[in-house]
Amino acid sequence: MHFSIPSTQEFGSDGSGSSFTGFNIHINGSFHCCLRYKQLHSLHEQLKRSLPSIALPSFPPKKLLSLTPNQIEQRRLSLERYIQLVGQDPVLCRSELLRAFLLNAQQESSFTESSEVSLDVYLMNGYRIVANVYTTDCTSKVLEKACALIELSKERVGYFALYLMRKEASGVLTIVKRLMDFEAPYISQKRWDECKLVLRTGYWDACHDLELMRDRIALNLLYIQALSDVDRGWIVTTRDLSEQLTNLQARGNKTEYLEIVRKLPLYGCLQFPRASVDYPEPNTVATVVLGNKELNLLTFDGKEMQEIKFKVTRIRCWRVTPIHINDEHSSMEPQTSHQSKISLELSFEYLMAKNQLKWITIYSEQSMLMSVCLQSIVDELLNQKNGSDPVHLQSVQHVEYTPLSYIRRDGSNHCITDSSSTDTLCNLVNNDISSNNGTSNQPSSQHTTTNGSSFIRRKLKEFNTTVRFKNGKDSVHNEAFEWIGDDDL
């Protein structure tokens, strides 16, 4: 998980008569929740008690007096460093306690009441699955309910994942993000209201197809996804091969169709919009493709496509860095995800030859998603070395510990006996509303006081899904990196 705390916001009275600072937590590049210092401190203490064998990073110390603006900034930096170290630990980032905490934090920050709704989940061919879910259901619960409606066996649900995808004005389909289990799809989709929830495979190694092709429903899902990827050009075919695939599709021969497509170079990959790259020459325009244990750059010289391959195991580390762009609009103008004045670059250090490392940079708004995909590929490689399948990789680590006590921003405690329960925050949100004299979820235009939950709602509503960082100095180190001699390159 990629954590950042790019900013803070000041809130009015929390019930004790004093104002407080909220720290805006971004995960994998987008706003997730707003938390107080004491909420993060509570998480730290519970992690320490529940996982005594893990050496936790030191938590920023408490202060007795009110903080000055400079001290608040220092606390922001310290908390950011702390949560980043937690997110980099392979045990902590997969713990059930952290997942439950983040899920509840998202629900509290979005002021979402737990209620049953109909949620649309789409297959890659546009087929719509209408699932009855709770607004506070985590991603795995929504995935299970959607898969149950198409009669996919529970044993194979873990091979699939939910993505947010957007259709651009040009008709191109763009993957915006992959949903994780620390978030509720209903809440996340509301933040990206132009996107649809889409069901796709959640692994990178095509060898797992063989297990799924033994199941009729899973085979159909693979076939639908392959048809879509070929149609969109995500899988490149020749004219002769395209005719052969068309004939197999007409005959409904799904197995043979997949057996042919699975051998094609870009099968099972995710394709990103064209971006500027500084390799092999500065300002090279290329399509970025991730998959098959590689990061590929597809360039066109006007006649044919050229492919530049970078093996993931030869990437020593990578980082995402923001590029601030000046704009003529007023800085007071609210920004949406499409109006962001922050562009991103993904830089990775690659082993070109023995003892010869080179930094290569991709300039793309989807740099964070590329980074998340790189980490996912590395995790799968390490997981395979341990002899585990994708289902094991995606599951959280269940450790016996006392129930999570989630502290709300107003200081009250909320005991969570089952973090995946549908009523995780039902009482929490209802109590928050009733304690503020029946204030509705929508802030009143006449209610301008800085006290109470409606002001907090208004403030939090200003935060959208724009990727925000303070800096990009820290790199993600690749645990699957292999030093290779010249003879092997």
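The values are calculated or read from the model by the stated rules, or taken from the named source; none is laboratory data. None of these values were measured; they are calculated from a predicted model. Cβ sites come from the backbone with ideal geometry, for glycine too, and all protein chains shown count toward neighbours. Protein only, heavy atoms only, side chains kept; ligands, DNA and RNA dropped before computing areas. Shrake-Rupley method; radii C 1.70, N 1.55, O 1.52, S 1.80 Å.
A compact table of results
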| read-out | value |
| --- | --- |
| Cβ-Cβ under 9 Å pairs, at least 6 apart or on other chains, region 60-79 side closer than 11 Å to residue 21 by Cβ and at pLDDT below 90, far side among the basic types (Lys, Arg) and assigned to a helix (DSSP H, G or I) | 67/75 |
| Residue 1, sole failed condition from (1) modelled with pLDDT of 90 or more; (2) open to solvent by 40 Å² or more (accessible area, probe 1.4 Å); (3) among the aliphatic types (A, V, I, L, M) | (1) |
| Any hit, region 271-291, residues being small (Gly, Ala, Ser) and part of a helix (DSSP H, G or I) | no |
| Given (1) open to solvent by 70 Å² or more (accessible area, probe 1.4 Å); (2) at pLDDT below 85, index of the condition residue 306 fails | (2) |
| Single condition residue 221 does not satisfy, out of (1) open to solvent by 10 Å² or more (accessible area, probe 1.4 Å); (2) touching a residue at least 24 places away in the same chain (Cβ under 8 Å); (3) in a loop (DSSP other than H, G, I, E, B) | (3) |
| Tally, over region 91-137, of residues that are part of a loop (DSSP other than H, G, I, E, B), of a type in the set (Gly, Ala, Ser) and within 18 Å of the chain's Cα centre (by Cα) | 0 |
| Scan of region 193-217 for residues that are in a loop (DSSP other than H, G, I, E, B), farther than 16 Å from residue 377 by Cβ and in contact (Cβ under 8 Å) with a residue 40 or more places away in the chain, ordered by number | 213, 215 |
| For residue 28: the one exception among (1) open to solvent by 30 Å² or more (accessible area, probe 1.4 Å); (2) without any contact (Cβ under 8 Å) to a residue 40 or more places away in the chain | (2) |
| Every residue from region 188-213 that is of a type in the set (Lys, Arg) and modelled with pLDDT of 95 or more | 196, 200 |
| Some residue of region 164-173 being over 29 Å from residue 111 (Cα atoms), open to solvent by 40 Å² or more (accessible area, probe 1.4 Å) and assigned to a helix (DSSP H, G or I) | no |
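Residues checked against (1) buried (at least 17 other Cβ atoms within 10 Å of the Cβ); (2) within 19 Å of residue 121 (Cβ to Cβ); (3) in contact with an Asp or Glu (Cβ under 7 Å, 6 or more places away or on another chain); (4) among the charged types (D, E, K, R):
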| site | (1), (2), (3), (4) |
| --- | --- |
| 200 | yes, yes, no, yes |
| 213 | yes, no, no, no |
| 216 | no, no, no, yes |
| 235 | yes, no, yes, no |
| 250 | no, no, no, no |
